[in-house]
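The values are calculated or read from the model by the stated rules, or taken from the named source; none is laboratory data. All values reported here derive from a predicted model rather than from experimental measurement. Using ideal geometry, Cβ is built from the backbone for each residue, glycine included, and neighbour counts are taken over all protein chains shown.
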Amino acid sequence: MILLIFPNTSSFPYHVMTPLSIFTVGTYLEGRGIDVEYYDERVQNRRELDEALEKKPKLIGVSALTSLQILRGLSLTSYVKQGCPNTPVVWGGVHPSMCPEQTLAEPPIDYLVIKEGEETLYELYQHLRRGRPALNTIAGLAWKDKEGGIHINRDRPFLDIEELPFPYQGKAGELLSRYLRPNTNFPTVGYQMSRGCPFNCRFCYNDFYHNRICRHKSPSLIRKELERLISLGVDNIFFYDDSMGGQKSFLRELVPVMEGLALKWSASPRIDCIDKKLIRNFEKIGCQWLFFGLESPLDHILKYIRKGITKAVIDQGVEIMRDSPIIVTYSLMIGFPKEIYQDALAVLDFADELHRHHPSAEIVIQPYAPLPGTELFEEAKEMGFEPPSRLVDWSYFTMDRIHTPWLSKWPLFKNVYLISFLAFRYEHILSGLRRFRWAYFLSHKLAQFRWRHRWFSFYLEGLVYRVYTQWQYWKARK
Ligand code: B12
């Protein structure tokens with residue numbers, strides 16, 4: 001048996017979406033006759049983990065993205081090693097794939113699966129059971145030898161995603177009901193139609209992870225799998241794809257695929273891939289929320305980060321979206337390397353411009369965080385950014401903090417993420433909140449006031465937030 005773990009992702013108790021990373025890998029293994037158990041720390045209790053450990057798994061896998069999940073992943077790794085000291089632990093996911101040496105430097109982590117995990121994990125499992133294939137022949141695997149030397153095998157060629165099993169079956173299908181929240185407007189079930197993105201954004205993981213290649217499932221398979229999701233009681237999904245398949249032609253093909261399905265959906269397409277007709281069609285086929293990464297209103301910054309769009313394209317897109325009932329989030333970024341103070345200020349002013357043109361839209365401003373494996377990471381280092389030297393220190397790489405020396409110099413931006421989030425994200429978040437609605441409402445009003453007056457100092461509400469998140473991190477470390 002193999003146990004796959006999805007550690008907690010957030011200090012806040014909302015927004016639990018299905019852990020597709022472990023479900024995808026798990027159903028692949030089940031399809032090949034291997035017994036799989038899951039432990040999603042967000043929806044399962046510790047007793048369930050202990051029960052899985054009592055079954056003496058042959059291998060334990062942990063999935064991790066940058067930030068809190070690393071801290072929790074490390075803590076859970078130590079925990080499972082206490083219960084099953086002889087069971088090897090393998091990590092996988094975007095972040096550890098980007099930092100193989102740092103990941104394997106952690107004593108309790110024995111193996112690392114780099115990039116797509118399905119077949120690599122299967123081969124590792126075979127190796128552990130039968131001694132074959134030899135470790136150094138398993139493409140996509142990084143491992144430690146007896147002396148602690150780290151070996152990184154060659155990359156695994158891309159999988160044919162058309163051949164991957166439907167991810168919500170077997171044990172994952174049994175767990176699905178824990179994520180369903182019927183009658184809310186918040187999508188909690190993730191589905192992936194494609195892997196990778198063909199665009200060249202310099203801050204993104206795609207270059208390293210998917211070689212800027214986008215692989216799609218066929219329209220007929222997507223239709224079949226969506227129908228299967230509906231038959232399981234799912235009525236609201238989030239497409240986990242990077243840039244929603246990356247191409248306008250793919251988005252057009254999606255319209256007949258989704259026609260007539262009783263399914264609400266959300267996604268994050270590129271603003272240059274939409275047009276009026278497509279959005280009218282999206283409205284008809286259940287589209288509920290679209291998240292657009294616009295990043296900056298400045299053409300020279302858009303060019304520098306190789307976003308592949310201009311301000312004129314953004315304006316056209318906003319013009320289209322403002323006439324639509326679809327909920328929209330525009331995401332902006334400040335603090336790219338080489339950005340100057342005025343460039344960052346222009347982003348704040350652009351948020352106001354967006355709000356004037358499209359008042360119902362949600363806006364979020366994220367401070368740029370250099371992530372390993374991305375092109376801008378190297379440039380950030382040249383400019384004095386010092387990346388964490390240990391895996392655990394990446395746990396603090398959250399959007400609500402400033403991570404680069406150049407942004408730290410400008411106090412105005414210290415709290416910009418939190419204030420913009422509270423000022424410009426309202427209805428949608430509220431619909432996902434069961435508790436603390438009143439607290440969110442009050443902070444929203446206060447943040448709007450602060451935003452209007454650019455009054456970002458004496459941020460006492462922020463202090464409450466920071467104390468709360470510090471406390472959560474302190475608990476997470478245990
Ligand atoms: C959904 C999602 C989230 C969800 C979390 C997932 C969930 N279920 O709740 C939420 C909203 C919480 C989230 C948060 C963040 N996210 Co996010 N997210 C995604 C998204 C859209 C889909 C993830 C997914 O499930 N993909 C589908 C699965 C099948 O792919 P996968 O995760 O890569 O898994 C494969 C392999 O990595 C590997 N694998 C993964 N885990 C394991 C485990 C084992 C044992 C093995 C063997 C293999 C393996 O095998 C899998 C199958 O091939 C991706 C974009 C994308 N297209 O992947 C961004 C993405 C992963 N997020 C990203 C970022 C930057 C973040 C944030 C750090 C943002 C921030 N600055 O705070 C936060 C991190 C918070 C945290 N620690 O969780 C980045 C990269 C992250 C990174 N460097 O780790 C991505 C790639 C988006 C992007 N283009 O920049 N995210």
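Quick notes on this one:
- Candidates 88, 133, filtered to the one that is touching a helix residue (DSSP H, G or I) at 6+ places or on another chain (Cβ under 7 Å), at pLDDT 95 or above, surrounded by fewer than 18 Cβ atoms within 10 Å (Cβ to Cβ) and not aromatic (Phe, Trp, Tyr): 133
Matching residues to (1) within 12 Å of the ligand (Cβ to nearest atom); (2) among the basic types (Lys, Arg); (3) closer than 19 Å to residue 253 by Cβ:
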position: 174; (1), (2), (3): no, no, no
position: 193; (1), (2), (3): yes, no, yes
position: 198; (1), (2), (3): no, no, yes
position: 204; (1), (2), (3): yes, no, no
position: 210; (1), (2), (3): yes, no, no
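- Residue in the range 195-229 that is surrounded by the most Cβ atoms within 10 Å (Cβ to Cβ), counting only those that are free of Cβ contacts under 8 Å to residues at least 40 places away in the same chain and touching a Pro at 6+ places or on another chain (Cβ under 8 Å): 214
- Total residues in the range 440-468, condition closer than 19 Å to residue 354 by Cβ, outside any helix (DSSP H, G or I) and of a type outside the set (A, V, I, L, M, F, W, C): 2
- Of residues in the range 248-299 being out of contact with any helix residue (DSSP H, G or I) (no Cβ under 9 Å at 6 or more places or on another chain) and in a strand (DSSP E or B), the one nearest to residue 342 (Cα to Cα): 291
- Cβ-Cβ under 6 Å pairs, at least 6 apart or on other chains, the range 452-469 side more than 14 Å from residue 401 (Cα to Cα) and modelled with pLDDT under 85, far side surrounded by 18 or more Cβ atoms within 10 Å (Cβ to Cβ) and not polar (S, T, N, Q): none
- Checking each residue in the range 230-241 for being of a type in the set (Asp, Glu) and surrounded by 22 or more Cβ atoms within 10 Å (Cβ to Cβ) picks out only 241.
- Residue count for the range 334-361 satisfying the condition of being under 30 Å from residue 73 (Cβ atoms) and not in a loop (DSSP other than H, G, I, E, B): 1.
- Per the conditions (1) assigned to a loop (DSSP other than H, G, I, E, B); (2) within 30 Å of residue 224 (Cβ to Cβ), the sole criterion not satisfied by residue 309 is (2).
Yes/no matrix, rows are residues, columns are (1) closer than 30 Å to residue 224 by Cβ; (2) touching a strand residue (DSSP E or B) at 6+ places or on another chain (Cβ under 9 Å); (3) outside the structural domain of residue 216 (by TED's automatic domain parsing):
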site: 120; (1), (2), (3): yes, yes, yes
site: 135; (1), (2), (3): no, yes, yes
site: 141; (1), (2), (3): no, yes, yes
site: 146; (1), (2), (3): no, no, yes
site: 159; (1), (2), (3): yes, yes, yes
site: 164; (1), (2), (3): yes, no, yes
site: 186; (1), (2), (3): yes, yes, no
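- Pick from the range 80-107, criterion farther than 18 Å from residue 40 by Cα and among the small types (Gly, Ala, Ser), ranking: nearest to the ligand (Cβ to nearest atom): 97
- Complete set of residues in the range 362-411 that are assigned to a helix (DSSP H, G or I), farther than 26 Å from residue 7 by Cα, in contact (Cβ under 8 Å) with a residue 60 or more places away in the chain and not charged (D, E, K, R): 376, 406, 407
- Being farther than 25 Å from residue 109 by Cβ, of a type in the set (Asp, Glu) and surrounded by 16 or more Cβ atoms within 10 Å (Cβ to Cβ) holds for only one residue in 362, 353, 382, and it is 362.
- Residue in the range 126-138 that is of a type outside the set (S, T, N, Q) and near the ligand (Cβ under 10 Å from one of its atoms) present: no
- Test: residue in the range 360-371 that is farther than 17 Å from residue 343 by Cα, in contact with a Lys or Arg (Cβ under 7 Å, 6 or more places away or on another chain) and outside the structural domain of residue 10 (by TED's automatic domain parsing): yes
- Residues in the range 435-470 that are exposed (fewer than 13 other Cβ atoms within 10 Å of the Cβ) and either outside the structural domain of residue 395 (by TED's automatic domain parsing) or within 23 Å of the chain's Cα centre (by Cα) (or both) were compared, and the one that is nearest to residue 182 (Cα to Cα) is 468.
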